[in-house]
């Protein structure tokens, strides 16, 4: 596709390219009549400003990168909305890359961000794959903020949630409802989010004289299809749980579908709770009990923190946002 250029506008208007450039940027030195003519011609031929070229020319790129794990998860849509809000408020734009939880794609994403000369990166790193990519950012002294997941070995800016409280609150709530056989459903050890939630859940069990048992832990990489298949297998085997604490709402909603297909009643036969409070959690029947995470706030805070690092060389900070329990009829 050939894009209209400033030179084409200048040729049609009978003025210099410099005059066109000043008129389109609303700078002084161009008469109102000429400015109006130039903008009319630009609109007629479909001219769009080449932002990347402008950034390279002026060295004033105001773009940051956002690298996420799974854009099919509504959780990330809300985080990205917050990032966009934070960027707009400070005059920045975002370039988004979805890694699909793939370590090689994460490296591609980072190098793509370098090639586009973004000023910094907000990244939710792929869990369980080491910290080489984060160390690369540190070695280059490149501004970045970790979102949600973190690495205990990497000292860096981080915005996330109190996931220990998430697991502990849900564990206490389910126990308080009379459940002692609780399935922890989804995620993998080594993922910081999983580890913190499972630690909080385990502490809740132990405070009531209970212990997490291996047969009541189902570890898997969470997506809707995987969660559905795993729940179907668990329901087909001798069931050793009366309640399910899902790693996130995506896993919980997939489990809900599988449970209904087996003609089991929620919460009478099985209680079910998730994490995130995505929009669908309140639209299904029964409504999903879940932990609300302030997703848009997290995105906005991450953007503001990154821009402060870019513009003011602010020191590293860890910002923990508090979750809260949303009780619906699935428990």
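Read-outs throughout are calculated quantities, based only on the coordinates presented, and are distinct from any laboratory measurement. The structure presented is a predicted model; accordingly, all values stated were derived computationally and were not measured. Don't worry about glycine lacking a Cβ; one is built from the backbone with ideal geometry, like all the others, and counts go over all protein chains shown.
A compact table of results
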item	result
Most mobile listed residue (213, 49, 317) in the chain, GNM with C-alpha springs under 10 Å	49
Neighbour-count order for 166, 217, fewest beta carbons within 10 angstrom listed first	217, 166
Helix 163-176 vs. the chain, principal-axis angle (Cα, 0 to 90°, nearest 10)	30
Gain on full stretching of the segment that runs from residue 215 to residue 263 - 0.36 nm per residue minus C-alpha separation	15.0 nm
Relative contact order (percent, whole number), region 6-49, Cα cutoff 8 Å, 6+ residue spacing	35
Angle in degrees between helix 103-115 and the longest Cα principal axis of the chain, rounded to the nearest 10	20
When the convex hull of its Cα atoms is projected in every direction, mean area for region 102-229 (nm²)	9.3
Mean separation of Cα contacts under 8 Å, 6 or more apart, over the residue count of region 131-237: relative contact order %	24
Residues 70, 225, 276, sorted so that the one with the fewest Cβ neighbours within 10 Å comes first	225, 70, 276
Compactness index (Cα Rg / 2.2 N^0.38 Å), region 19-167	1.34
Rounded tilt (10° steps) of 192-206 against the dominant C-alpha axis of the chain	30
Residue 81 paired with residue 44, simple spin-label distance in nm, labels 7 Å along Cα-to-beta-carbon	4.2
Estimated D of region 251-311 in µm² per second, where Rh is the Kirkwood radius over Cα pairs and Stokes-Einstein applies at 4 °C, 1.567 mPa s	95
275, 222 arranged by Cβ crowding within 10 Å, fewest neighbours leading	222, 275
Spatial separation of Cα centroids for region 254-304 and region 133-159, in angstrom	30
Contact order relative to length of the chain, as percent, for alpha carbon pairs under 8 angstrom and 6 or more apart	18
The chain: most fluctuating residue of 258, 104, 17 per GNM, C-alpha cutoff 10 Å	17
Region 214-264 - Debye-derived log10 I(q)/I(0), Cα point model, q = 0.30 Å⁻¹	-1.44
Sum of -39500 (n - 2.57) over DSSP H runs of 4+, divided by residues of the chain (222 nm, nearest 500)	-14000 deg cm²/dmol
Kirkwood-Stokes translational diffusion coefficient of the chain, alpha-carbon pairs, 20 °C, 1.002 mPa s, µm²/s	96
Dimensions in Å of region 163-292 - Rg and Dmax from alpha carbons	13.1, 36
For the chain, built as a Gaussian network whose Cα springs stay under 10 Å, the top-fluctuating residue of 281, 42, 77	42
